[in-house]
Amino acid sequence: MFDDPFAVTAEDYIDDTPRCDQTFDIVAGLPIFVAHVYRVIDGEENPRIINARKAVEYEEQIYRSNQRKD
């Protein structure tokens, strides 16, 4: 999902400090929401998933509207 050109990722902020990224995507036909951070391991960024769940309707709409932009 992290390589999907249509995935929508946004930073989640608390008091103007980025806490994690939120990504909306479709995986195996299922709309999902994933909260994640990136950790640098051996000089390479690797995603660490904090939470994943089925996306709610408006989150799926964000993803679908991003697909129509291309």
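The values are calculated or read from the model by the stated rules, or taken from the named source; none is laboratory data. This one's a predicted model, so the numbers in the text were calculated from it and none came from an experiment. Because the Cβ atoms are built from the backbone with ideal geometry, glycine has one as well, and the counts that use them run over all protein chains shown. For accessibility, only protein heavy atoms count, side chains too; no ligands or nucleic acids. Shrake-Rupley method; radii C 1.70, N 1.55, O 1.52, S 1.80 Å.
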Output for Cβ contacts, cut-off 8 Å, separation at least six or different chains, first residue free of Cβ contacts under 8 Å to residues at least 60 places away in the same chain in region 16-38, second part of a loop (DSSP other than H, G, I, E, B) and among the small types (Gly, Ala, Ser), reads 23/7; 24/7; 24/55; 25/7; 31/55; 32/55; 33/55
Determine the pairs where a residue that is farther than 16 Å from residue 22 by Cβ, located within region 41-70, has a partner that is part of a loop (DSSP other than H, G, I, E, B) and open to solvent by less than 90 Å² (accessible area, probe 1.4 Å) with Cβ atoms under 6 Å apart, the partner being 6 or more residues away or on another chain. 67/6
Of the conditions (1) of a type in the set (Ser, Thr, Tyr); (2) open to solvent by 80 Å² or more (accessible area, probe 1.4 Å); (3) in contact with a Phe, Trp or Tyr (Cβ under 6 Å, 6 or more places away or on another chain), residue 63 clears all except one; give me its number. (2)
Condition test on residue 28, is it more than 14 Å from the chain's Cα centre (by Cα) and loosely packed, with under 13 Cβ neighbours inside 10 Å? yes
If you check 54, 69, which single one turns out to be charged (D, E, K, R), on the phi < 0 side of the Ramachandran plot and at pLDDT below 85? 69
What number of residues in region 6-15 are outside any strand (DSSP E or B) and without any contact (Cβ under 8 Å) to a residue 24 or more places away in the chain? 1
